[in-house]
Structure formats: structure tokens, C-alpha cells
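Since every read-out is calculated from the coordinates, none of them should be taken as a lab result. For clarity, every value in this text was computed on a predicted model and none was experimentally measured. Reconstructed Cβ throughout: ideal geometry from the backbone, glycine too, with neighbour counts over all protein chains shown.
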Amino acid sequence: MKIAPLAEVKDHFSAYIDESREGPVVITRNGRPVAMLIAIEDEDDLDSLLLVHNPRFLQLLEEARQRVRVTGGVPLAEFRRRLESSPDTEASQA
């Protein structure tokens, strides 16, 4: 991980984008971290980054975790049964 001042990043932005492929670049202003430059290698990376910063997704995830804590979740055999009988699975097997 590299740490760089904002003025330096602004002057050499393209080089810092290239450098972010090696690891995150933390950008500072007046010595304090204010942003991070992270390379996006493929669309899955982009989707993951967008989801992890989406308040609605995080809320849904926490609600699901709470349900699992309360109910114990779904046994693996039941999960597989539901997955195999889902309309999406049937359509993909056709």
C-alpha cells in the first residue's frame, strides 16, 4: 500500500492509477487520509465495491444475518432442495 499527498496524485494521476494495480493508494490532504485509489480488474470487482458501499444492500445483509441468528438458518440439504427446484435453475438446465 502506498500513501501519497493529493497534490502529488493530481500531478501524476495516470501513474498512480497504474500503481494502484499493485495495491491500494491512500491519498492524503494535509497529512490526513481522505481517499483511496483501488484498481478495478473486472466487473465483479466493480460490483463488489459498489455493493459494499450501498446502504440498502448492507441493511438487507444485516437483516439476513439477524434472521440466521434467530432461526438457525436453513439446513444445507433444504437449501440444495430449494435451489434445485427454483425456476431459475430449471430454466438454465433447459
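A compact table of results
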read-out: Residues located in region 1-59, provided they are surrounded by 13 or more Cβ atoms within 10 Å (Cβ to Cβ), among the charged types (D, E, K, R) and not in a helix (DSSP H, G or I); value: 2
read-out: Odd one out for residue 69 among (1) surrounded by fewer than 11 Cβ atoms within 10 Å (Cβ to Cβ); (2) in a helix (DSSP H, G or I); (3) under 22 Å from the mean Cα position of the chain (by Cα); (4) not hydrophobic (A, V, I, L, M, F, W, C); value: (3)
